[in-house]
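Down below is the structure, laid out as structure tokens.
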Amino acid sequence: MAAPMELSCWGGDWGLPSLHPESLTVMAYAKFAGAPLTVNTINNSWSTPKADVPVLISEDIVISQPAKILNFLRKQRYNADYELSAKQGADTLAYIALLEEKLLPALLHTFWVEAENYCSVTKPWFASRIPFPLSLYLPGKMSREALNRILLTRGGPPLYSLTEVEAQIYRDAKECLNLLSKRLGTSQFFFGNTPTTLDAFVFGFLAPVYKVCFPRVQLQEHLKQLTNLCRFCDDILTCYFKLTVTGHSPSGQDTADANLQKLTQLVNKESNLIEKMDDNLRKSPQHPPRKITTLKLAAGGEESSPLNRLSP
Amino acid sequence: MSLVAEAFMNQLAAAEPWPENAALYQQLKEDQILLSDNAASLAVQAFLQMCNLPVRVVCRANAEYMSPSGKVPFIHVGNQVVSELGPIVQFVKAKGHSLSDGLDEVQKAEMKAYMELVNNMLLTAELYLQWCDDVTVEEITHPRYGSPYPWPLNRILSYQKQWEIRRKMKAIGWAGKSLEQVLEDVDQCCQALSQRLGTQPYFFNKQPTELDALVFGHLFTILTTQLITDELSEKVKNYGNLTAFCRRIEQQYFEGHDKDSSATASARYAKRSLLR
């Protein structure tokens, strides 16, 4: 509809299109709203931006935070919340605040602060996608920022040591997961049968916890007990992402194109044959050409219909 | 607190009924207390009034330092001291009084989500306005915050607090926001609250809950506090049902009781803007 839009974000692994919660939120929203977004995952080149990821670039406009990116997409008429009532829109804002206050500290802790997780999984993964020598500095900086955020927002008295803060944030995160599970209940998405902004945010926060294989996994184990949330994540992955890691359209589309090409070639061949036969018959004076050509056309039609059934 | 300590405290709390001499501590009303602290204190007072639990408000200059978590208000009940609305709600529940028992699971989830929304957006916006907006800091916050102390202690304490709050704002990404963006966020939050409230008397229809107390505390304080400009209170006044909600709770729970509590609490700053 509008100018082409490019999204720069962290790539994915373990079956996810991205490991970064905010990037994943934006990608999910774009899929839900049908926004045509070219996704550029951050790789070892120096040209892709590393800070403030995810970043949306459209013509000359550069937008960096998920909330602002979603607002921009909505202004471009890619609105996934079209059918929500005013109260549901208010609920969306409230639940997003709940996720940020209660779940995000524990998520940051699992990824960036928990020593075993950070050293064996997070740091190598991110460092492999950042060019040297930035790869020596940036993961450490992200880890320090995460710890800082946790301590400043949750670390005051009466919690005096890091272990007490950790215990509190994991307890809050588990409570938040329980609340989300109760709110989701048995429905497919949070507001009925179509996914909305809230689904994008919940998916963005939950999917990394659910899928990434860490050595220390208390939050993941708790999440796996809440089967409706796991089903929610899996549904979105299979319906909207189809195992894409690079952001290309799914392979089904490619086979459909190939089938269409084959069909076109066959039809062309058939019509060439028919023309030749037509010419031959016109040149020979004895037989009237009418019936034979109709028979040939019918045969051509029969042959092409099984091929029609093959392509989706 | 670990789970064991919490269970122990709940047991202690449950052992005794609510005493007559419960006290709520906050900073000095006329000269010292700031917008965000007053909002928190009013929310707790409203909550206790809704539970019909008597409490007297005691103003002390060092209330912040007496509090176990460093935040006001805190209540002194029997021989226990509990601060902030969340733990106070738990404590009161352990004593057998609760406003949210009648809610089902989904409604409880919603209530918690909306309380987080108020804390995340309204409270952070109030803190931003008080401590990160230079004009307000110079003219209102610094003079008020250090007013009980002699020079140079008053300046040192308020700079220390300002530095702490600015660090927190930077960590959560609010340091880069401009005042207009913060007011936009306040507007969005008020819109969400207004849409959720609709035409009902309280957020969960007939009975008030801790969410109503919290929203009342913040909105009433914003509406009745005179700052450098009126922009913040204008944002709230745009939503008629929110102002009616505040008036209703004020009339029901605060008028008729000692006039000291909230009605004159709003005559805080130099001028008073009346709740119309």
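Assorted remarks:
- Ranking B:Thr209, A:Thr238 by solvent-accessible area of protein heavy atoms (1.4 Å probe, all protein chains present), from largest to smallest, gives A:Thr238, B:Thr209.
- Shape summary: the stretch A:5-241 maps onto an equivalent ellipsoid whose semi-axes, from the alpha-carbon gyration tensor, are 26, 24, 16 Å in decreasing order.
- Solvent-accessible area of B:Leu179 with every protein chain in place, 1.4 Å probe, in Å² to the nearest 10: 50
- The stretch B:69-148: C-alpha gyration tensor shape, a/c 1.5 cut-off, then a/b vs b/c: oblate
- Environment charge at B:Lys168 (Cβ cut-off 15 Å; Lys +1, Arg +1, Asp -1, Glu -1): +3
- Other protein chain C-beta atoms within 10 Å of residue C-beta, averaged over A:95-104: 5.
- Using the Cβ-Cβ distance between B:Ala7 and A:Trp14 with R0 set to 30 Å, the FRET efficiency from 1/(1 + (r/R0)^6) comes to roughly 0.20.
- Listing of the stretch A:152-175 residues, each with accessible area lower by at least 50 Å² in the full protein assembly than in the chain alone (probe 1.4 Å): A:Leu152, A:Arg171
- Percentage relative contact order, the stretch B:3-99, counting C-alpha pairs under 8 Å, at least six apart: 36
- With contacts taken as Cα pairs under 8 Å and at least 6 residues apart, the stretch B:105-254 reaches a relative contact order of 25 percent.
- Computed FRET value (nearest 0.05) for B:Ser98 with A:Asn43, which takes r as the C-beta separation and R₀ as 56 Å: 0.55
- B:Ser147 accessible area, assembled protein chains, probe 1.4 Å, Å²: 50
- Heavy atoms of A:Cys230 accessible to a 1.4 Å probe, total area in Å² rounded to 10: 10
- Of B:Lys108/B:Lys235; B:Lys112/B:Lys206; A:Lys87/B:Lys206; A:Lys102/A:Lys182; A:Lys68/B:Lys170; A:Lys174/A:Lys242, those spanning more than 20 Å from alpha-carbon to alpha-carbon: B:Lys108/B:Lys235; A:Lys174/A:Lys242
- The alpha carbon gyration tensor of the protein assembly as shown gives principal lengths a ≥ b ≥ c with a/c of 1.5 or higher and a/b greater than b/c, which makes the shape prolate.
- Protein heavy-atom accessible area occluded, A/B pair - total, 1.4 Å probe, Å²: 2400
- Normalised by the number of residues in chain B, the mean separation of alpha-carbon contacts (under 8 Å, six or more apart) gives a relative contact order of 23 percent.
- Mean ellipticity per residue at 222 nm, deg cm²/dmol - from DSSP H runs of n ≥ 4 across the protein assembly as shown, formula -39500 (n - 2.57): -17000 deg cm²/dmol
- Inter-label distance, nm, simple model (7 Å from Cα along the C-beta direction), B:Glu184/B:Asp230: 2.5
The values are calculated or read from the model by the stated rules, or taken from the named source; none is laboratory data. Since the structure is predicted, the reported quantities are computational estimates derived from the model, not experimental observations. For neighbour counting, all protein chains shown are included, and Cβ atoms are generated from backbone atoms with ideal geometry for every residue, glycine included. Surface accessibility is based on the protein's heavy atoms, side chains included, excluding ligands, DNA and RNA. Shrake-Rupley method; radii C 1.70, N 1.55, O 1.52, S 1.80 Å.
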